[in-house]
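Below: the structure, in structure tokens.
The values are calculated or read from the model by the stated rules, or taken from the named source; none is laboratory data. All of these numbers come straight from a predicted model, not from anything done at the bench. Heads up, the Cβs are rebuilt from the backbone with ideal geometry, glycines too, and the neighbour counts pull from every protein chain shown. For accessibility, only protein heavy atoms count, side chains too; no ligands or nucleic acids. Shrake-Rupley method; radii C 1.70, N 1.55, O 1.52, S 1.80 Å.
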Amino acid sequence: MERQAMKHLTTLTLATLALFTQAATAQDAAPAPVATDSWSYELKIYGWGTEVSGEALGAEFEIGFDQLLENLNFALMGGVVARRGDWGWYVEGNYAHISADNAISFEVLPGAPAGGIDVDVEMTVEQSVLNFGASYRLVETDSYRLYGTLGGRYLGLDTELKADGPRQKRRASGYQDSWDLTIGVNGRADINEDWFVPFAFDIGTGQSNLTWQAWAGIGYEFNRSDLVFGYRHMEWDLGGDDLITEYKLSGPAILWNYRF
């Protein structure tokens, strides 16, 4: 009896090993690149045609890219990605200084305290956004790469705002910032040898109630470089009683990656 049980157990073990071997063989049908001990880097420089919207002084606002570009004093955007084997790290950010000597007109949306009227706004904004963290390779085949990310996001806003309307006048200024923990994924899917689709998504919380971003585009690879056109959206639900309680950035982007 004991010998028969051992025989059944051995047969079951061999069958289980065979099943797992078949599954692993099917999963690895597309050979993965051999991990290397040397670091590889990507330098990222990009331009982002953002539209800014959100909630300030208890009212919703929306400022188009053309208005921002007209009143932009300085902007800087870029980042670095480093990878070795399955692991990597990244840091990316943007800074913009926007000021307007003349009034900017934007619409306070229906339901806000001003009742959906046009309000003249004089504003100065210094915006700093920083994304950073570590990544781990989850999947890689000949035509597809997927990385998991764990990191943080920083938002700093130094704002002066004057809003004049027929029903109300408001004056406010202040500095506010938010540090948040984020988790997400990014990667790329190759269309052919030259063209590919990059994508990224993350979500997090911390000092803000919620922050998230999404990015997708189409890219062309040549030599050690990539040129990518896409669309990016990033937002924060800041909550609290600060000057700005919701902040959103969205618009088309062009990105240049250089690998070394």
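Assorted remarks:
- Being open to solvent by 30 Å² or more (accessible area, probe 1.4 Å), within 23 Å of Thr182 (Cβ to Cβ), modelled with pLDDT of 90 or more and over 19 Å from the mean Cα position of the chain (by Cα) is a condition met by at least one residue of the range 68-84.
- Number of positions in the range 44-67 that are closer than 20 Å to Glu160 by Cβ and of a type in the set (A, V, I, L, M, F, W, C): 6
- Residue list for the range 214-240, restricted to those being closer than 25 Å to Gln176 by Cβ and among the aliphatic types (A, V, I, L, M): Ala214, Met234, Leu238
- Residue match in the range 23-39 (condition: surrounded by 12 or more Cβ atoms within 10 Å (Cβ to Cβ), at pLDDT below 70, out of contact with any strand residue (DSSP E or B) (no Cβ under 9 Å at 6 or more places or on another chain) and not in a loop (DSSP other than H, G, I, E, B)): no
- The lone exception for Asn223 - which of (1) under 30 Å from Arg259 (Cβ atoms); (2) touching a strand residue (DSSP E or B) at 6+ places or on another chain (Cβ under 8 Å); (3) open to solvent by 80 Å² or more (accessible area, probe 1.4 Å); (4) not aromatic (Phe, Trp, Tyr) it fails: (2)
- Qualifying residue in the range 167-183 (condition: within 25 Å of Glu140 (Cβ to Cβ), in contact with a Lys or Arg (Cβ under 9 Å, 6 or more places away or on another chain), open to solvent by less than 50 Å² (accessible area, probe 1.4 Å) and touching a residue at least 40 places away in the same chain (Cβ under 8 Å)): yes
- You will find that of Val119, Val129, Val125, the residue that is under 25 Å from the mean Cα position of the chain (by Cα), modelled with pLDDT under 85, part of a strand (DSSP E or B) and surrounded by 16 or more Cβ atoms within 10 Å (Cβ to Cβ) is Val125 and no other.
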